[in-house]
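*Asks:* Here it is: the structure, laid out below.
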Amino acid sequence: MTSDVEHLRTLAQSFRRALERTDRRNLIVTLAEFPNGACGDAALLLGAYLQDEGLGASVYVLGRRDGCYHAWIELEGITIDITADQFSEINQPVIVCRRSSWHDTFEQERLHQAHYSVYDDHTVFELHKAYQAVLSNLE
């Protein structure tokens, strides 16, 4: 449904704006140059946020193309990416759609639930702190 895509787009845009407003000292080092090099952890945080918003578990997708890796999430067949604009050919800060021809250019592997809780205790602790910092900047 279009409304599902639009609702997800609104949530993803809000989350990205909050992440951009978050003091970098309150984020894990992998998010310091957001969106550059931040796709993996940003996807995990976004997945946690969407789950907390009652939308269920999303899937963490790892793509590989020309020796580069990129991560995003999928929820019920909808691609959600808040870091694609780190690539020069993308000028949209947030991509939310049922089919993305750009994402289709990657060899894709669906790895696990898109949530930071899937990692070791130390990583969960650091990502949870970052997640709480981002949430404090939501509009």
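*Asks:* Counting only residues that are among the aliphatic types (A, V, I, L, M) and either touching a His at 6+ places or on another chain (Cβ under 8 Å) or part of a strand (DSSP E or B) (or both), which one in the range 89-139 is surrounded by the fewest Cβ atoms within 10 Å (Cβ to Cβ)?
*Replies:* Filtering the range 89-139 for residues among the aliphatic types (A, V, I, L, M) gives 90, 94-96, 111, 114, 118, 124, 127, 130, 133-135, 138.
Next, only the ones that are either touching a His at 6+ places or on another chain (Cβ under 8 Å) or part of a strand (DSSP E or B) (or both) stay: 95-96, 111, 118.
On the way: Ile95: 19, Val96: 22, Leu111: 12, Val118: 14.
Out of the qualifying residues, it is Leu111.
*Asks:* Looking at this structure, is Gly54 under 13 Å from Ile80 (Cα atoms) and either free of Cβ contacts under 8 Å to residues at least 40 places away in the same chain or of a type outside the set (A, V, I, L, M, F, W, C) (or both)?
*Replies:* no
*Asks:* Then there is this: One residue is enough: does the range 34-41 have a residue meeting the conditions in contact with a strand residue (DSSP E or B) (Cβ under 8 Å, 6 or more places away or on another chain) and either among the polar types (S, T, N, Q) or within 26 Å of Asp4 (Cβ to Cβ) (or both)?
*Replies:* Within the range 34-41, one or more residues are in contact with a strand residue (DSSP E or B) (Cβ under 8 Å, 6 or more places away or on another chain) and either among the polar types (S, T, N, Q) or within 26 Å of Asp4 (Cβ to Cβ) (or both).
*Asks:* Hey, any hits in the range 24-40 for a residue that's in a helix (DSSP H, G or I), touching a Phe, Trp or Tyr at 6+ places or on another chain (Cβ under 6 Å), at negative phi and hydrophobic (A, V, I, L, M, F, W, C)? Even if it seems obvious, please write down each step before you answer.
*Replies:* Filtering the range 24-40 for residues in a helix (DSSP H, G or I) gives 24-26, 29-31, 39-40.
Next, only the ones that are touching a Phe, Trp or Tyr at 6+ places or on another chain (Cβ under 6 Å) stay: none.
The answer is no, given that none of the residues of the range 24-40 is in a helix (DSSP H, G or I), touching a Phe, Trp or Tyr at 6+ places or on another chain (Cβ under 6 Å), at negative phi and hydrophobic (A, V, I, L, M, F, W, C).
*Asks:* So Ser101 clears everything in (1) over 15 Å from Val59 (Cβ atoms); (2) touching a Lys or Arg at 6+ places or on another chain (Cβ under 6 Å) except one condition, right? Which one?
*Replies:* (2)
*Asks:* How do the pairs read when you match residues in the range 70-92 that are modelled with pLDDT of 95 or more with residues anywhere that are among the basic types (Lys, Arg), using Cβ under 7 Å and keeping only pairs 6 or more apart or on different chains?
*Replies:* So the pair list comes out as Ile78/Arg98; Ile82/Arg16.
*Asks:* Could you go through the range 17-27 and let me know if any residue there is under 24 Å from Phe125 (Cα atoms) and among the small types (Gly, Ala, Ser).
*Replies:* Within the range 17-27 (the criterion being under 24 Å from Phe125 (Cα atoms) and among the small types (Gly, Ala, Ser)), the answer is yes, since at least one residue qualifies.
*Asks:* From the list Leu27, Leu75, Leu8, Leu45, exactly one residue is surrounded by 19 or more Cβ atoms within 10 Å (Cβ to Cβ), under 11 Å from the mean Cα position of the chain (by Cα) and among the aliphatic types (A, V, I, L, M). Which is it?
*Replies:* Leu45
*Asks:* Follow-up question, since we're still on this one. Could you tell me whether Arg16 is in contact with a Pro (Cβ under 7 Å, 6 or more places away or on another chain) and modelled with pLDDT of 95 or more?
*Replies:* Criteria met by Arg16.
*Asks:* Which residues, taken from the range 1-13, are of a type in the set (A, V, I, L, M) and either modelled with pLDDT under 95 or not in a helix (DSSP H, G or I) (or both)?
*Replies:* Narrowing the range 1-13 to residues of a type in the set (A, V, I, L, M): 1, 5, 8, 11-12.
Across the range 1-13, the qualifying residues are Met1, Val5.
*Asks:* How do the pairs read when you match residues in the range 118-139 that are of a type in the set (Asp, Glu) with residues anywhere that are surrounded by 15 or more Cβ atoms within 10 Å (Cβ to Cβ), using Cβ under 8 Å and keeping only pairs 6 or more apart or on different chains?
*Replies:* Short answer, once both residue conditions are applied: Glu126/Ile28; Glu139/Ser14; Glu139/Arg17; Glu139/Ala18.
*Asks:* Is it true that Ile90 is more than 17 Å from Leu55 (Cβ to Cβ) and more than 11 Å from the chain's Cα centre (by Cα)?
*Replies:* yes
The values are calculated or read from the model by the stated rules, or taken from the named source; none is laboratory data. A quick note: this is a predicted structure, and the numbers were derived from the prediction, not measured. Don't worry about glycine lacking a Cβ; one is built from the backbone with ideal geometry, like all the others, and counts go over all protein chains shown.
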